[in-house]
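This report concerns only the one structure given below.
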Amino acid sequence: MRIAQRAQRVEPFYVMELAKAASAMAAAAQPGERPMLYLNIGEPDFTAPLPVQQAAERAIRHGRSQYTPATGLPALREAISGWYATRFGLDIDPARIVVTAGASAALQLACLALIEAGDEVLMPDPSYPCNRQFVQAAEGTAVLLPAGPADRFQLSAAQVQAAWGPSTRGVLLASPSNPTGTSIARDELERIARFVRERGGVTLVDEIYLGLSYDDAYGHSALGLPDGLGDEVISVNSFSKYFNMTGWRLGWLVLPPGLVPAVERLAQNLFICASTIAQHAALACFEPDTLAEYERRRAEFKARRDYFIPELNRLGITVPVMPDGAFYAWADVSALCARWGIPPQSSPDAGGSWALAFELMQRCQLATTPGRDFGSADPGRYLRFSTANSMAQLREAVARLEAAL
């Protein structure tokens, strides 16, 4: 059977490949051996709050499982609009909101609506690996620009201007970012969006971790940019991270009004609609008591960050930029590799943080994620830890690392 070239070009999601290796190692452990700690997957350890679960049960009992409009339940679009108003002070017309089958579907729809064959989209290196795959699936080319600690691992307007060429269609940013947990400074984002508008391009911003912001200097949506720039931004969001509904597969887009009909046509044909049960459940996310619970959980994620990252730094596993959101630690492990005799990364699966990830599984029974997934600029130098785990597990991880060192 002939496999299409577009499928051949898609690389494995190495986060999941490492997860399989960790699970196999854990399964082979002998009775009494300490269990594997999983600090590799970016999934909250909290599940959907009880009111959300109860709303799903009510929808099932009452038979509310028919197709919704492709753009989503009108009541849910209204509720999302209300959240932008109360949380960010933004007046977002519900007609601009399209509910999707997760942020993945949102990105796919946006890319298919905007990218032609041969178009180039600029994005930072490091960045979430699936984002570039969505561009590629639309027959575009993801152009990764190295972004280091001095720029908070985010693109600068100067970089965007220098890299812009005749085939450039736009930029795809993430704020806060996976894997770094860092956000782009508001003035820098404004400069980028202004330049992109001058070039007739597209500014697409992944904001799925925006609800999990911890610093008032950065916790702002790109939709609020001045001079009409925010009205032209395409924002991707999700119920997975802040709202703790990962497996429910529910997200949304906020679009310029003129783009909604094209995205709606694509959604009708590709997905029909997002899960109806999940949409009815998500309405409960915006009830006052549920939002209060989400804020309590946000404070817990911040407390985990405030504990874990200073501990990594104390152990010489340096996090060069304190994340202002999400639940990741993007750590420079070059000193640890040198200490354990691991050579610099010489190929994608040899040396550096790739080899260190397997060493940590062996020595510490600790699953992490090497930099290989997130770009090619300096993947062997960095390792991602997820702090979406209980404080007890994070303390145990630190104890194991300290013992191994």
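Whether a residue is under 17 Å from Phe358 (Cα atoms), among the aliphatic types (A, V, I, L, M), assigned to a helix (DSSP H, G or I) and under 23 Å from the mean Cα position of the chain (by Cα) was assessed, and Leu76 does not pass this test. Given the criteria more than 25 Å from Ser221 (Cα to Cα), out of contact with any Pro (no Cβ under 8 Å at 6 or more places or on another chain) and among the hydrophobic types (A, V, I, L, M, F, W, C), does Ala75 qualify? In short, no. Each residue in the range 370-403 was checked for being part of a loop (DSSP other than H, G, I, E, B) and among the hydrophobic types (A, V, I, L, M, F, W, C), and 2 pass.
Can you work out which of the residues in the range 44-57 that are open to solvent by 70 Å² or more (accessible area, probe 1.4 Å) and either without any contact (Cβ under 8 Å) to a residue 12 or more places away in the chain or small (Gly, Ala, Ser) (or both) is nearest to Arg400 (Cα to Cα)? Going through the qualifying residues, I end up with Leu50. Residue selection: Leu155 fails the criterion of being farther than 25 Å from Thr47 by Cα, open to solvent by less than 10 Å² (accessible area, probe 1.4 Å), among the hydrophobic types (A, V, I, L, M, F, W, C) and touching a Lys or Arg at 6+ places or on another chain (Cβ under 7 Å). Just name the residue that is nearest to Glu120 (Cα to Cα) out of those in the range 203-218 that are open to solvent by 20 Å² or more (accessible area, probe 1.4 Å) and in contact (Cβ under 8 Å) with a residue 40 or more places away in the chain. If we take residues in the range 203-218 being open to solvent by 20 Å² or more (accessible area, probe 1.4 Å) and in contact (Cβ under 8 Å) with a residue 40 or more places away in the chain, then Ile208 is nearest to Glu120 (Cα to Cα). The criterion of at least 3 residues that are closer than 20 Å to Thr276 by Cα, touching a helix residue (DSSP H, G or I) at 6+ places or on another chain (Cβ under 9 Å) and at pLDDT 95 or above is met, among strands (runs of 3 or more DSSP E) falling completely within the range 192-263, by 234-238, 251-254.
Looking at Val10, is it in contact with a helix residue (DSSP H, G or I) (Cβ under 9 Å, 6 or more places away or on another chain), touching a residue at least 24 places away in the same chain (Cβ under 8 Å) and farther than 30 Å from Leu356 by Cβ? Let's see the steps before the verdict.
Numbers: in contact with a helix residue (DSSP H, G or I) (Cβ under 9 Å, 6 or more places away or on another chain): yes; touching a residue at least 24 places away in the same chain (Cβ under 8 Å): yes; farther than 30 Å from Leu356 by Cβ: no.
Answer is no for this residue.
Out of Arg372, Arg381, Arg339, report the one residue that is touching a Ser or Thr at 6+ places or on another chain (Cβ under 7 Å), open to solvent by 10 Å² or more (accessible area, probe 1.4 Å) and touching a residue at least 12 places away in the same chain (Cβ under 8 Å). Criteria check complete, one pass: Arg381. Considering Ile60, Ile41, which residue is touching a residue at least 40 places away in the same chain (Cβ under 8 Å) and either assigned to a loop (DSSP other than H, G, I, E, B) or of a type in the set (S, T, N, Q) (or both)? After applying the criteria, what remains is Ile41. Number of residues in the range 106-150 that are in contact with a helix residue (DSSP H, G or I) (Cβ under 8 Å, 6 or more places away or on another chain), of a type outside the set (A, V, I, L, M), part of a helix (DSSP H, G or I) and open to solvent by 30 Å² or more (accessible area, probe 1.4 Å): the value is 4. Can you name the residue in the range 1-35 that is small (Gly, Ala, Ser), part of a helix (DSSP H, G or I) and surrounded by fewer than 13 Cβ atoms within 10 Å (Cβ to Cβ) and, of all such residues, is modelled with the highest pLDDT? Per the criteria, the residue is Ala24. In the range 307-316, is there at least one residue being crowded, with 22+ Cβ neighbours inside 10 Å, touching a helix residue (DSSP H, G or I) at 6+ places or on another chain (Cβ under 6 Å) and assigned to a helix (DSSP H, G or I)? Yes, that holds for at least one residue.
Look at Asn178 and say whether it is in a loop (DSSP other than H, G, I, E, B) and open to solvent by less than 20 Å² (accessible area, probe 1.4 Å). Please lay out each step first, then the result.
Numbers: in a loop (DSSP other than H, G, I, E, B): yes; open to solvent by less than 20 Å² (accessible area, probe 1.4 Å): yes.
Yes.
Contact map, the range 344-360: residues that are at pLDDT 90 or above paired with residues that are open to solvent by less than 10 Å² (accessible area, probe 1.4 Å) and in a loop (DSSP other than H, G, I, E, B), Cβ distance under 6 Å, separation 6+ or inter-chain. Pairs shown: Ser353/Val333; Leu356/Val333; Ala357/Thr368; Leu360/Thr368. Checking each residue in the range 323-335 for being of a type in the set (A, V, I, L, M, F, W, C) and free of Cβ contacts under 8 Å to residues at least 60 places away in the same chain picks out Ala331, Val333, Ala335.
Just give me the residues in the range 242-273 being among the polar types (S, T, N, Q) and open to solvent by less than 50 Å² (accessible area, probe 1.4 Å), in sequence order. Step through it out loud before you land on a result.
From the range 242-273, those among the polar types (S, T, N, Q) are 244, 246, 268-269; that's our starting set.
Passing the criteria: Asn244, Thr246.
Could you please find all residues in the range 184-202 being farther than 18 Å from Pro256 by Cα, small (Gly, Ala, Ser) and open to solvent by 40 Å² or more (accessible area, probe 1.4 Å)? Break it down into steps so the answer makes sense when it comes.
Just the residues of the range 184-202 that are farther than 18 Å from Pro256 by Cα, to begin with: 184-188, 191.
With small (Gly, Ala, Ser) added as a condition, the list becomes 185.
Those that are farther than 18 Å from Pro256 by Cα, small (Gly, Ala, Ser) and open to solvent by 40 Å² or more (accessible area, probe 1.4 Å): none in the range 184-202.
The values are calculated or read from the model by the stated rules, or taken from the named source; none is laboratory data. Here the structure is a predicted model, which is why all the values come from computation and not from measurement. Cβ sites come from the backbone with ideal geometry, for glycine too, and all protein chains shown count toward neighbours. For accessibility, only protein heavy atoms count, side chains too; no ligands or nucleic acids. Shrake-Rupley method; radii C 1.70, N 1.55, O 1.52, S 1.80 Å.
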